[in-house]
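Each remark here refers to the structure printed beneath this line.
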Amino acid sequence: MASSSSSGLTFKLHPLVIVNISDHYTRVKSQLNPPPLTSTSATVNGVENQQQAPRVYGCVIGVQRGRTVEIFNSFELLYDPSTHSLDRPFLKKKQELYKKVFPHFYILGWYSTGSDAQESDMHIHRALMDINESPLYVLLNPAINPTQKDLPVTIYESELHVIDGIPQLIFVRSSYTIETVEAERISVDHVAHLKPSDGGSAATQLAAHLTGIHSAIKMLNSRIRVLHHYLVGMQKGDIPCENSLLRQVSSLLRRLPAIESEKFQDDFLMEYNDTLLITYLAMFTNCSSTMNELVDKFNTAYDRHSRRGGRTAFI
Amino acid sequence: MDSAIAQKTWELENNILTVETPDPSSDSIFYYDEAAQAKFQQEKPWANDPHYFKRVKISALALLKMVVHARSGGTIEVMGLMQGKTDGDAIIVMDAFALPVEGTETRVNAQADAYEYMVDYSQTNKQAGRLENVVGWYHSHPGYGCWLSGIDVSTQMLNQQFQEPFLAVVIDPTRTVSAGKVEIGAFRTYPEGYKPPDDPISEYQTIPLNKIEDFGVHCKQYYALDITYFKSSLDCHLLDLLWNKYWVNTLSSSPLLGNGDYVAGQISDLAEKLEQAENQLAHSRIGPLGPPRKKLAKITRDSAKITVEQVHGLMSQVIKDILFNSVRQSSRSQNDQSGPEPMIET
């Protein structure tokens, strides 16, 4: 039922939502499978653990500006899959609470965990349609697959398609980008790589900062390498020529150099010189502080007001 | 290999405890054992020892929520509550939520509105499957560091009398963005009149001049707890995969642009402190050599910190410039070495 969406909306997903959903799932799962108290019962529980993979449901909230939909946050929903009933008062209550703290966010859709979108999901989707006429469905696949390269999160929209003469709503996949604010990025980075949280020496701070940039550049390099490899293959004729891709690559290349105007150079130079000035001032402060200490030590060592008087050295 | 040795040295220097990649069986920290928690509440081992709780474990989700909320407040202090449980001498924070109050430093208790919100939110959470209780509160100090002000200390003392176990967490979102690492502190106050047996060496942080009195008066009334973070196996997996998508943001972030006015504020604050130190030096010529020297040393550390952050920011900009702008330059002059030269010459 998934084909690419044609609504023209661009979706931006914040990492907070992903961590939220993952936490919700882990919580529910661990409450259903309490940790084994003794080692002997571990094997018994281990077998059961495989089967208890609960589905969790929740709402996603965010902002829609024109054609861009940005998903910022999420919260849980109470849904009974057997009776297909959504707990409405709960949803209303939660909506109110979140409106108080985040007045700009609206309900954009809902989320669930699982490996694929199912028919029964359409019920919840329809139920939410009275709040938002075109809700989103965010699906997270909680199965941990170490060989996976892509984020197991998909966003579906609903579209009215005519199938067998009956207009039906089906889910279509949409693409999305990950959007983040600076503070979010730093904390995600922090938790993901468990960087040293306290000051450390200036050297370790520098190392941490440069390592971050280095990894990002490494990624950039590997991606460019992949593109290059692909293009070489196309040139040789191993891979059929795909004009749309070639157009994209050419437009990308034409965007370099990124900025090359007089004003940019001036501003950049100014910023550079500002930083140099700050470094100079700091150096100055450091020097004067050291000088001050030297003078103090000198005064202590060659104390004029000592009882011996004169210039006897302090032994 | 050289890099392996370098990494080991770095890890040793920073006491990095390599946390084993959590596997699904170790997600037991997420399990809420109601009976055990109730028993712990009854026992109250903290009543006898003011220094009982020593560590805090914060989940990835709680940290993310708190930092995002703190940053969204801009220069206004925001506050919220944390939910979690206790585990021996550690307080575990599983989740956090924001409160609809604007934190001005003159308010000791949250208004009735916020209490209602708290009760409603806790109820809905319990229904949704989050069974933990409120275990602390957090608030932000945008730009002036992680410590407890006088009002905060009295609030926390009140909390520790009636809502034990309770924890206070302070986040500085401005410094987080400027320094590139999370500025967070967890504190518990000592009960009235209790003198701590020894003075713990706390990490030095720069405090702006207008707040330094408030800091100094109360800094002996509370102690800091060690903070560690944890995440579930699924979180680990997702965050790894997330890196594949947002390495772009790492490269495109530019801390210099975002924090311009904060840096300007820091520098002017530093100038005032220098003037103060100068006056002190002038007055105490024959007097004790202690205070003015220490003041100048502190100022030097502050200025070094500001500079380091600026230089880091500039480094990223220069790297980006070399990466994306020097296409024509490199083809033009092969013998020109890339570096500071192209910047200063036209």
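The values are calculated or read from the model by the stated rules, or taken from the named source; none is laboratory data. Computed from a predicted structure; not experimentally measured. We place every Cβ from the backbone using ideal geometry, glycine too, and count neighbours over all the protein chains shown. All accessible areas refer to the heavy atoms of the entire protein, side chains included, with ligands and DNA or RNA removed. Shrake-Rupley method; radii C 1.70, N 1.55, O 1.52, S 1.80 Å.
Does any residue of the stretch B:139-155 turn out to be over 24 Å from residue B:209 (Cα atoms) and either surrounded by 23 or more Cβ atoms within 10 Å (Cβ to Cβ) or modelled with pLDDT of 85 or more (or both)? Checking the stretch B:139-155: not a single residue is over 24 Å from residue B:209 (Cα atoms) and either surrounded by 23 or more Cβ atoms within 10 Å (Cβ to Cβ) or modelled with pLDDT of 85 or more (or both). In the set (1) open to solvent by 50 Å² or more (accessible area, probe 1.4 Å); (2) modelled with pLDDT under 80; (3) outside the structural domain of residue B:174 (by the TED database), residue B:259 fails one condition alone, (1).
The residues of the stretch B:41-78 that are more than 11 Å from chain A (Cβ to nearest Cβ), closer than 21 Å to residue B:223 by Cβ and aliphatic (A, V, I, L, M), listed by number, are B:47, B:56.
When you scan the stretch A:145-247 for strands (runs of 3 or more DSSP E) that lie fully inside it, which ones turn up with 2 or more residues that are at pLDDT below 80?
A:153-163, A:166-174
Within the stretch B:301-311, can you find the residues that are within 7 Å of another protein chain (Cβ to nearest Cβ) and open to solvent by 20 Å² or more (accessible area, probe 1.4 Å)? Across the stretch B:301-311, the qualifying residues are B:304, B:308, B:310, B:311.
Do the conditions hold for residue A:137, that is, is it assigned to a strand (DSSP E or B), more than 13 Å from every other protein chain (Cβ to nearest Cβ), modelled with pLDDT of 80 or more and touching a Gly at 6+ places or on another chain (Cβ under 8 Å)? Considered against the rule, which asks whether it is assigned to a strand (DSSP E or B), more than 13 Å from every other protein chain (Cβ to nearest Cβ), modelled with pLDDT of 80 or more and touching a Gly at 6+ places or on another chain (Cβ under 8 Å), residue A:137 comes out as yes.
When each of A:207, A:216 is tested for being closer than 30 Å to residue B:184 by Cβ, open to solvent by less than 30 Å² (accessible area, probe 1.4 Å) and without any contact (Cβ under 8 Å) to a residue 40 or more places away in the chain, the lone residue that passes is A:216. Please go through the stretch A:231-250 and give me each residue that is open to solvent by less than 70 Å² (accessible area, probe 1.4 Å) and either of a type in the set (Asp, Glu) or closer than 23 Å to residue B:244 by Cβ (or both), ordered by number. Those that are open to solvent by less than 70 Å² (accessible area, probe 1.4 Å) and either of a type in the set (Asp, Glu) or closer than 23 Å to residue B:244 by Cβ (or both): A:231, A:233, A:245, A:249. With the structure loaded, tell me whether residue B:100 is modelled with pLDDT of 85 or more and in the same structural domain as residue B:214 (by the TED database) or whether it fails that test. No.
Per the listing B:217, B:318, the residue uniquely within 30 Å of residue A:259 (Cβ to Cβ) and of a type in the set (A, V, I, L, M) is B:318. Only one of the listed residues (B:207, B:212) is open to solvent by 40 Å² or more (accessible area, probe 1.4 Å) and either within 20 Å of residue B:65 (Cβ to Cβ) or out of contact with any Pro (no Cβ under 9 Å at 6 or more places or on another chain) (or both). That residue is B:212. Does residue A:178 satisfy being without any contact (Cβ under 8 Å) to a residue 12 or more places away in the chain and under 28 Å from residue B:232 (Cα atoms)? It is false that residue A:178 is without any contact (Cβ under 8 Å) to a residue 12 or more places away in the chain and under 28 Å from residue B:232 (Cα atoms).
Filter the stretch A:122-159 for residues that are of a type in the set (D, E, K, R) and under 19 Å from residue A:90 (Cα atoms); which is most open to solvent (accessible area, probe 1.4 Å)?
First pass over the stretch A:122-159, keeping only residues of a type in the set (D, E, K, R): A:126, A:130, A:133, A:149-150, A:157, A:159.
Then keep just the ones that are under 19 Å from residue A:90 (Cα atoms); that gives A:126, A:130.
On the way: A:126: 128, A:130: 110 Å².
By that ranking, first place goes to A:126.
Quick one: count up the residues across the stretch B:143-200 that are assigned to a loop (DSSP other than H, G, I, E, B), under 20 Å from the mean Cα position of the chain (by Cα) and not polar (S, T, N, Q). So the answer is 13. Taking residues in the stretch A:271-297 that are at the interface with another protein chain (Cβ under 8 Å from one of its Cβ atoms) and under 20 Å from residue B:309 (Cα atoms), and partners anywhere that are at pLDDT below 90 and not in a helix (DSSP H, G or I), the pairs with Cβ atoms closer than 9 Å and at least 6 places apart or on different chains are A:272/B:340.
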